[in-house]
Amino acid sequence: MIAFLVLSVSGSVADADAKYYVTRLGTLGGPSSYARSVNAVGQVVGCSYTSNGELHAFLFANGTMTDLGPLDASAGIATSINFTRQIAGYSAPKGSTEGVRSFLMHNGDVTHLGTLGGSDTYAKAISNTGMVAGYSSTTTGTFHAFLYSGGTMFDLGTLPGTVNSAASAVNNKGQVVGTSTGPDGRSRAFLFAHGTMSDLGSLLPGKDSAAVAVNDYGQVVGDAVNGSNQTRAFLFSDGNMTDLGVIPGALASSARSVNNYGQVVGYCQTYQGDRATIYREGVMMDLNELVDASSGWIFKQALAINDAGQIVGNGINPDGQLEAFLLTPAGNFELSAISVLPAPAPNPLPYSSSNPPNNSFLGFPPFFFDYAPASGSSFSTDPGSTETVPEPAAILLLGSGILCLVGHFSRRRMS
């Protein structure tokens, strides 16, 4: 394995108003890297180009980026990491006849998750309990959301009237969120809980929506189309979907992750490109305005946040290259100041050994949810671009029978 130390840390905040310290994650020898997930202790996974142009999964921990390899494939992407350092992701095929394979890695051991009968499967998120959510092709050529647990991949089905579904995230309670798409290409956000897939609706009835992440309180974030036909980040909580708005001058917004304090990260699309954002205390803020201006960074997308308030994403580094970053809250931006959501009940996890989730129809084993909050999230990013593809657009392509994959994978399959 090849490991590269962090090149620099902007730890000296000259600007008294700076709210975060930025850490450069570096690369695996190539020009760029892409962060996808951060766990409760600040360990980060994603993918990076190597010096020979290959795309490899990586783990960043203790100041070092470790090459996890292409995982016996032409390319590998790590999409999620949990508290026990289990890592989920997927790898590109070596040949045009092979499918994309999902994997679960722990202590160097790699398990391939299989499929729902088709050739391709994509692991998008993992909970602290080791449950993996994603989507897989089926024997009929459609794609269905899945939950993998105890060595078995369970088909979660689709919403009524739809033909494809894709899971984006799973929390420690086994609740799964994602998007289900109809034959007309319209996408609908869903929450799967207690054996039932429920339609979360949209900001305007009949408009597209896509759920991207869920915390342990069942609060869901994602993207939806509003009454002005604009894409907006949303927060779904207590049965209500709230438009989180945009930063000044932005055209659209996207939510990628939510932690158990109700902080939401994502990005806004502007005429100057994407701008990484955080929503807290009822306000959406540009992360570029919360970091010392002398850092030299342009933060493009914030893709995951943990309960310590640490944020990972992708941006343009001081050298003008696309690179993964880790933001850590400064002392003047502590979590104790957050008031975006009412205080939750003392025990937000209603399941116990005597009250497991009602998933018996799928043959799930009894789960015990006495775990610390998880940080899992999922998102789609194109390693060949500095901009991300909004999840609703990806699901619309999926509904049309075209799998919206990472650009690197698509180019490999067509070559």
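Restricting attention to region 193-213, the residues being charged (D, E, K, R) and either within 22 Å of Asn171 (Cβ to Cβ) or not in a loop (DSSP other than H, G, I, E, B) (or both) number 1. When Ala78, Ala73 are checked against the criterion of being outside any strand (DSSP E or B), small (Gly, Ala, Ser) and in contact with a Lys or Arg (Cβ under 7 Å, 6 or more places away or on another chain), Ala73 stands alone in meeting it. Regarding Gly89, is this residue modelled with pLDDT of 95 or more, touching a Cys at 6+ places or on another chain (Cβ under 9 Å) and not charged (D, E, K, R)? Yes, satisfied.
In the set (1) crowded, with 21+ Cβ neighbours inside 10 Å; (2) over 19 Å from Ser80 (Cβ atoms); (3) in contact with an Asp or Glu (Cβ under 7 Å, 6 or more places away or on another chain), the condition left unmet by Asn226 is number (1).
For residues in region 162-173 being of a type outside the set (S, T, N, Q) and at pLDDT 95 or above, which is nearest to the chain's Cα centre (by Cα)? Ranking the candidates gives Ala169 first. Scoring Gly141 on the criteria (1) in contact with a strand residue (DSSP E or B) (Cβ under 9 Å, 6 or more places away or on another chain); (2) part of a loop (DSSP other than H, G, I, E, B); (3) under 22 Å from Tyr279 (Cα atoms) leaves a single failure, condition (3).
In region 144-157, of all residues being in a strand (DSSP E or B) and among the small types (Gly, Ala, Ser), the one that is surrounded by the fewest Cβ atoms within 10 Å (Cβ to Cβ) corresponds to Gly157. Just so you know, in region 240-268 the residues that are polar (S, T, N, Q), in a strand (DSSP E or B) and touching a residue at least 60 places away in the same chain (Cβ under 8 Å) include one that is farthest from Ala40 (Cα to Cα), and it is Ser254. From the list Gly185, Gly134, Gly130, the one residue that fits, being within 18 Å of Arg36 (Cα to Cα), part of a loop (DSSP other than H, G, I, E, B), among the small types (Gly, Ala, Ser) and touching a residue at least 12 places away in the same chain (Cβ under 8 Å), is Gly130.
Of everything in region 296-351 that is over 25 Å from Leu235 (Cα atoms) and among the aliphatic types (A, V, I, L, M), the residue that is modelled with the lowest pLDDT is Ala330.
Name the single residue that is surrounded by the fewest Cβ atoms within 10 Å (Cβ to Cβ) among those in region 269-288 being without any contact (Cβ under 8 Å) to a residue 60 or more places away in the chain and of a type in the set (Ser, Thr, Tyr). So the residue we want is Tyr271.
In this structure, Ala125 qualifies as hydrophobic (A, V, I, L, M, F, W, C), in contact (Cβ under 8 Å) with a residue 40 or more places away in the chain and closer than 20 Å to Gly76 by Cβ.
The values are calculated or read from the model by the stated rules, or taken from the named source; none is laboratory data. Model, not experiment: these values are computed from the prediction. Note that each Cβ is placed from the backbone with ideal geometry, even for glycine, and that neighbours are counted across all protein chains shown.
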